[in-house]
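Q: Starting off with a structure, shown below.
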Amino acid sequence: MLFVITMLWWQKIHLNPKVNIINMKRTIRFMAITAAVVAVFSFTNANAQSADSKALRLGIGLNAGIPTTEGASFVIGGDLRLQKDFSSNISGLLSAGYNHWTLKDDAGSFGMIPVKAGAKIFFAESAYFSGELGAGFSTESGGKTSFLWAPGIGYGFDNGLDLGLRYEGAEVSGGSLGQVALRVAYGFKL
């Protein structure tokens, strides 16, 4: 449901040229600040560690994204994510993957290798907020490295399935890239 609402919001922004990009950036910053406040609140109210809370997991994910960047049509990719539980509601994340950006009007495509670190904060038994920061390495000749940031929300099922929705932004020379991405992953304990 959240994915559908996000896609409708994205279409409204891209189909209405009068929408102010500054307002979109303010909305994204508000979401990031809200996630940070929730993370701090959750951290200060962390539950006692359980015997299983120190688990180490590896997740293999597929990502499909709708770009918020003009000129791009879709993004598809995959990633590996290592998750280390620090308590029953706080986990650290390390991830690396590949994103393939397809451009509109047969303008070609380009690739990016995102490498990120971050945290998951569980606000319910299986529902979480996530936040990651990192670098995006261009696969193109002469491509530059970009700063990445990715606030998100998701749900981890008991069978190892993990569904997440995130905004991923990249600061590149001459502007920025962005996508709203759905991640479907399977994780297993190491």
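Q: Looking only at segment 102-123, which residues are among the aromatic types (Phe, Trp, Tyr) and touching a helix residue (DSSP H, G or I) at 6+ places or on another chain (Cβ under 9 Å)?
A: PHE122, PHE123
Q: Regarding TYR155, is this residue within 18 Å of LEU62 (Cβ to Cβ) and aromatic (Phe, Trp, Tyr)?
A: Taking the combined requirement at face value, the residue satisfies it.
Q: Can you name the condition, by its number, that SER146 falls short on among (1) closer than 20 Å to ARG183 by Cα; (2) in a strand (DSSP E or B)?
A: (1)
Q: Continuing with this model, one more query. So, GLU140, is that one part of a loop (DSSP other than H, G, I, E, B) and either exposed (fewer than 15 other Cβ atoms within 10 Å of the Cβ) or in contact with a His (Cβ under 6 Å, 6 or more places away or on another chain) (or both) or not?
A: In short, yes.
Q: Restricting to segment 157-170, and then to whatever is out of contact with any Leu (no Cβ under 8 Å at 6 or more places or on another chain), part of a strand (DSSP E or B) and of a type outside the set (A, V, I, L, M), can you tell me which residue is farthest from SER109 (Cα to Cα)?
A: If we take residues in segment 157-170 being out of contact with any Leu (no Cβ under 8 Å at 6 or more places or on another chain), part of a strand (DSSP E or B) and of a type outside the set (A, V, I, L, M), then ASP162 is farthest from SER109 (Cα to Cα).
Q: Just a yes or no: is a residue in segment 173-182 among the small types (Gly, Ala, Ser), part of a strand (DSSP E or B) and more than 12 Å from the chain's Cα centre (by Cα)?
A: Yes, the conditions are met somewhere in segment 173-182.
Here, each number is a calculation from the coordinates, and none is a lab measurement. Predicted model only: the values in this text are computed from it and were never measured. Cβ coordinates were reconstructed from backbone atoms using ideal geometry, including for glycine residues, and neighbour counts include every protein chain displayed.
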